[in-house]
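What follows is a set of notes on a single structure, which appears directly below.
The values are calculated or read from the model by the stated rules, or taken from the named source; none is laboratory data. What you see is a predicted model; the values in this text were computed from it and never measured. Here the Cβ positions follow ideal geometry from the backbone for every residue, glycine too, while neighbour counts run over all protein chains shown.
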Amino acid sequence: MRPDTAYHDEMGRQFAVQATGSAYHAYTDRPAMLRMAGDVSGLRVLDLGCGAGHLAAELVQRGAAQVVGVEGSEALLRVARERLGEGAVLHHHDLEEPLAYLADRSFDLAVMALVYHHIDARRELLSEIRRVLRPGGTLLVSTTHPTSDWAYFGGSYFADERVELPFGDGFALNFWRMTLEQFLGELLGSGFVLEELAEPRATEEARLVDPRRYDKTHNQPLFLSVRLRRP
């Protein structure tokens, strides 16, 4: 991600804490991605924008043969290293740049949880993901829901612009608004085949953690998750 979109320093530390137990990350997006991943036993998995390592840790626990994480924020990588220890291989890398250090057709599964909408060079990144996935491999992508962004930011649903969402103690998340047509069009146009689309709702555990956000996810779509296959 661009330097102004990665979660650096104190922002990264705050994000790592929030992602651990928040209704949106821990009980909405992450369960949806893990459900879509299915049985990962023996698979080689690439976690793009691995953040503080929460999803990677779950994949390791579920039997993935190897998890390779890529993250642009050193602050988040430090937390991921503490969480994962020797359980995963982690790279400090800007996802706007090619994944030149990863071999062709070397992964069974690639996951990109709430990262895609931060990226400028999305088509180039998708090309790189297609290169490193084996034929028949799976790509999972989650993003903010286009209608949720429209409801929050207003204006035209078809706006193609970067926006900022307040976060933490005086910070802001910087990302692209995009329509459903654009989101799916980019993924399918890069040669992937859509297998499943979901609009995740928070799990029952979120009722105890954050009843307000639990209810919100069950009244309006906040996230969008897709499972794709590399032919």
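List of remarks:
- Of the helices (runs of 4 or more DSSP H) lying entirely inside the range 164-231, the ones with 2 or more residues being within 30 Å of ASP104 (Cα to Cα) are found at 180-189.
- Yes/no for PRO211 being buried (at least 19 other Cβ atoms within 10 Å of the Cβ), closer than 23 Å to HIS54 by Cβ and of a type outside the set (S, T, N, Q): no
- Of all residues assigned to the range 165-176, none qualifies as being of a type in the set (Gly, Ala, Ser) and modelled with pLDDT of 95 or more.
- Verdict on VAL17 being closer than 27 Å to ALA121 by Cα and either of a type in the set (Val, Ile, Thr) or without any contact (Cβ under 8 Å) to a residue 24 or more places away in the chain (or both): no
- Against the test of being of a type outside the set (Ser, Thr, Tyr) and on the phi > 0 side of the Ramachandran plot, the options GLY170, GLY137 yield a single qualifying residue, GLY170.
- Screening VAL45, VAL79, VAL40 for residues that are touching a Phe, Trp or Tyr at 6+ places or on another chain (Cβ under 8 Å) and modelled with pLDDT of 95 or more leaves exactly one candidate, VAL45.
- Residue check for GLY63: under 29 Å from ARG162 (Cα atoms) and not aliphatic (A, V, I, L, M): no
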